[in-house]
Amino acid sequence: MSDQVRKEHRVLCSGLDAKATKPSSHSCIHGNFKVPHDFGCPGAMLITNFHGKEFYLMEVVVHGFKKGPIFFPANSWIHSRKENPESRIIFKNKAYLPSQTPPGIKDLRREDLLSIRGNGKGERKMHDRIYDYAPYNDLGNPDKGEDLARPVLSGEEMPYPRRCQTGRPPTESEPFSESRIEKPHPVYVPRDETFEEIKQNTFSAGRLKGLLHNLIPAIASALSNEEQNILDNQFLGNLMRQVLTAGQQLLKYEIPAIIKRDRFVWLRDNEFARQTLAGVNPVNIELLREFPIVSKLDPAVYGPPESAITKDLIEQELHMHRMSVEEAIENKRLFILDYHDMLLPFMERMNCLPGRKAYASRTVFSLHPYWLRTHACMEAYIIAAHRQLSSMHPIFMLLHPHMRYTLELNALSRQSLINGGGIIEACFSPGKYSMDISSAAYKSMWRFDMEALPADLIRRGMAVEDPSMPCGVKLVIEDYPYAADGLLIWSAIKELVESYVEHFYPEPSLVTLDLELQAWWNEVKNKGHHDKRNEPWWPKLDTKENLCGILTTMIWIASGQHAAINFGQYPFGGHKSNGDPRHSVDSLSPDEEYLGQVHHLQSHCNSDHQVQIMFGRFSSKLEEVEKTINARNKDIRLRNRTGAGIPPYELLIPLSGPGVTGRGIPNSISI
């Protein structure tokens, strides 16, 4: 397609020369074709697959033009014509705002977006690339029994972000619940969202290893306690012992760093406090602003609102500092982890579950900062981006690396992690009420405008506004590793986003006149977060500054925020004394793409030289961030990240190798 006037020139490329460029089965296909002299510069390609099977198209490069080769990056599965007769539209690697789209490809831009949205009807097929919304109504399986029924997370009472629609039929016993697809059958996600082979192998191996890691001890326990008669048979007994011994050696993990340095560290209160600043969940600690501590729950239902934490109890701990409670509050020296009002409404139900008793666990609330604030919320942004932003929209190009694999990962998590009877319910105190609590957290605590790192720190009282500081905030606790390193990452992302937005939106009015951009943000609010659509705190997308804030927040959530919460699970939770190791093996894949890295094919995704310079500066900035973090980890004054028995804080170091490393910031929520 010419980008000046819609001129089509169709070429049937059959019997072309295919040459393998890598041993990993990639092929380079060469073909020759002619176009009329007045055709103009190609702006798009229509690709039809006449084969019986799909194929993966990385890019098309067209040579023979005076200005050099023209790149058409695809990185997409091209469906067979037998499955869908429509041709695929692939645009060249130049970003255009909707109003700047060359006339020859304007209609194609619209057609491509319409094909991605679908019509909202029918069950999705695995070759589809349709993005649409559905509530969390597929966590339970009521057809298998009442104990596996779970509420639909939607509406005023149980609000939640939306997930990607699959269109499966309802269950027989609950018309508002969607029927489930159980392992090993795949769950639908748009075709280009699925794991690549190397990622799938890493993910499957990690899941299998985690499963067997728990199964081997269970077998051993069962044999020793209940199946002694098996061992009485010499042959079977020797066989089982060999299997258990081999399995234990094969599945042996490295001792988590926190335990390797000090095996009794988990016993100490000061270590518990340190991990609220530099551990697996450093996003819930907040400044105690008022005393006495008073619940906001209805006292007629939940009893007296005053906390059992009295002034005398606190001052017993403050006596060494010769400080009263009032002085400690005034000097910002008292902090709290406060789950009381969130958990108390569920406490009676939780404690009625067989074998469960809720207690002051550091892991009892992990679904709020981990699943809800990163995985679930990011899914809604991703769906809206695909539905409303053309692949040649500059904001789509900016966000695209931060959307990789997230929908597939979330779909697999709904299948076996957060579902009724899944891993989360088996591992954590709330059991079958885990997602109910996550919904309650979304209802009472989640606000998009507070998801920005500086805003979140200020909300929790962990920072104060200070225009003289790089991110406009000053930490209340200087030695707060998550926040201190996170602000470095936040600042780097913000700087990139501001230069990028300024480049494509030199005039302020271009933001409000960008119909795709406005439709995207409206859909994020009104469909992706439908249950919170009427909240007054949603930012207005009417200035470049607000656009930068929205984009910086989303990129931070997908990269730094997720890395800080996710990749500490094994280093801190991989030993039962300090957490629950049953779900904590998150292995980075060899094909992981990290913040600041540019894949060799991504270098062709945008031909704008100024944009390439921006990303080069971003990469250099992150290299400086890594040096700063390494220096902090050697600074003996920072006792929350260095010293005897204290592991360095590396969760926000940008790069990592594959495996369970406890460091590295992937571009996206990919694990």
*Matching residues, the range 506-540, being surrounded by fewer than 19 Cβ atoms within 10 Å (Cβ to Cβ) and either of a type in the set (A, V, I, L, M) or touching a Cys at 6+ places or on another chain (Cβ under 9 Å) (or both)*: L510, L513, L515, A519
*Which numbered condition G210 fails, given (1) over 30 Å from H529 (Cβ atoms); (2) at pLDDT below 95; (3) surrounded by fewer than 20 Cβ atoms within 10 Å (Cβ to Cβ)*: (3)
*Selection count where residues are touching a strand residue (DSSP E or B) at 6+ places or on another chain (Cβ under 7 Å) and either part of a loop (DSSP other than H, G, I, E, B) or polar (S, T, N, Q) (or both), scope the range 289-306*: 2
*Looking for whichever is closer than 30 Å to L487 by Cα and out of contact with any Cys (no Cβ under 8 Å at 6 or more places or on another chain) here; the options are V301, V294, V283. Which one fits?*
V283
*asked:* Pairs please, first residue from the range 646-671 and closer than 28 Å to E271 by Cα, second anywhere and assigned to a loop (DSSP other than H, G, I, E, B) and of a type in the set (S, T, N, Q), Cβ atoms under 6 Å, 6+ apart in sequence or on different chains.
replied: P648/N633; G659/S587; V660/S587; R663/S656; G664/S656
*asked:* If I filter the range 28-50 down to residues being under 27 Å from R404 (Cα atoms) and modelled with pLDDT under 90, which single residue comes out as nearest to the chain's Cα centre (by Cα)?
replied: C28
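Per-residue answers, yes or no, for (1) under 17 Å from the mean Cα position of the chain (by Cα); (2) closer than 18 Å to P159 by Cα; (3) surrounded by fewer than 22 Cβ atoms within 10 Å (Cβ to Cβ); (4) not aromatic (F, W, Y):
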site	(1), (2), (3), (4)
C427	no, no, yes, yes
S444	no, yes, yes, yes
S468	no, no, yes, yes
I477	no, no, yes, yes
A484	no, no, no, yes
W490	yes, no, no, no
*Return the residue satisfying two criteria in turn: it lies in the range 73-100 and is among the polar types (S, T, N, Q) and either in contact (Cβ under 8 Å) with a residue 12 or more places away in the chain or more than 20 Å from L389 (Cβ to Cβ) (or both), and of such residues it is surrounded by the fewest Cβ atoms within 10 Å (Cβ to Cβ).*
S99
*asked:* Can you find a residue that is assigned to a loop (DSSP other than H, G, I, E, B), hydroxyl-bearing (S, T, Y) and modelled with pLDDT of 95 or more anywhere in the range 133-148?
replied: no
*For the range 169-191, name all the residues that are within 28 Å of L113 (Cα to Cα) and surrounded by 17 or more Cβ atoms within 10 Å (Cβ to Cβ).*
E178, V187, Y188, V189, P190, R191
*Looking only at the range 409-461, which residues are of a type in the set (S, T, Y) and part of a loop (DSSP other than H, G, I, E, B)?*
S429
*Among all residue pairs at least 6 apart or on different chains, which show Cβ distances below 7 Å where the first residue, located in the range 465-482, is among the small types (G, A, S) and the second is outside any loop (DSSP other than H, G, I, E, B)?*
G472/P454; G472/E465
_Matching residues, the range 346-356, being over 13 Å from S438 (Cα atoms) and touching a residue at least 12 places away in the same chain (Cβ under 8 Å)_ = R349, M350, L353, R356
*Taking L108 and the conditions (1) within 24 Å of H393 (Cα to Cα); (2) under 24 Å from the mean Cα position of the chain (by Cα), which numbered condition does it fall short on, given that it satisfies the others?*
(2)
*Unique match (being assigned by TED's automatic domain parsing to the domain that holds C41 and of a type in the set (A, V, I, L, M)) among I105, I70, I130, I116*: I70
*Could you say which residue among I329, I293, I255 is within 32 Å of the chain's Cα centre (by Cα) and either hydrophobic (A, V, I, L, M, F, W, C) or modelled with pLDDT of 85 or more (or both)?*
I255
*Looking at the range 66-105, which of its residues are among the hydrophobic types (A, V, I, L, M, F, W, C) and assigned to a loop (DSSP other than H, G, I, E, B)?*
A95, L97
_Return the residues of the range 139-168 that are among the basic types (K, R) and either in contact with a strand residue (DSSP E or B) (Cβ under 9 Å, 6 or more places away or on another chain) or surrounded by 19 or more Cβ atoms within 10 Å (Cβ to Cβ) (or both); say none if nothing qualifies._
R150, R162, R163, R168
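A quick yes/no check of all residues on (1) closer than 24 Å to F504 by Cα; (2) out of contact with any helix residue (DSSP H, G or I) (no Cβ under 6 Å at 6 or more places or on another chain); (3) not basic (K, R):
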| site | (1), (2), (3) |
| --- | --- |
| F71 | yes, no, yes |
| S76 | no, no, yes |
| I90 | yes, yes, yes |
| S115 | no, yes, yes |
*asked:* Being within 21 Å of M397 (Cβ to Cβ) and under 26 Å from the mean Cα position of the chain (by Cα) is true for just one of L113, L139, L97. Which residue is that?
replied: L113
*G52: touching an Asp or Glu at 6+ places or on another chain (Cβ under 6 Å) and not aliphatic (A, V, I, L, M), yes or no?*
no
*asked:* Give me the residue from the range 307-345 that is outside any helix (DSSP H, G or I) and free of Cβ contacts under 8 Å to residues at least 12 places away in the same chain and, out of that set, nearest to S438 (Cα to Cα).
replied: A308
*Of the numbered conditions (1) more than 27 Å from the chain's Cα centre (by Cα); (2) assigned to a loop (DSSP other than H, G, I, E, B), R124 satisfies every one except a single condition; which is it?*
(1)
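The values are calculated or read from the model by the stated rules, or taken from the named source; none is laboratory data. Here the structure is a predicted model, which means the values were calculated and not measured. Glycine gets a Cβ as well: all are built from the backbone with ideal geometry, and neighbour counts include every protein chain shown.
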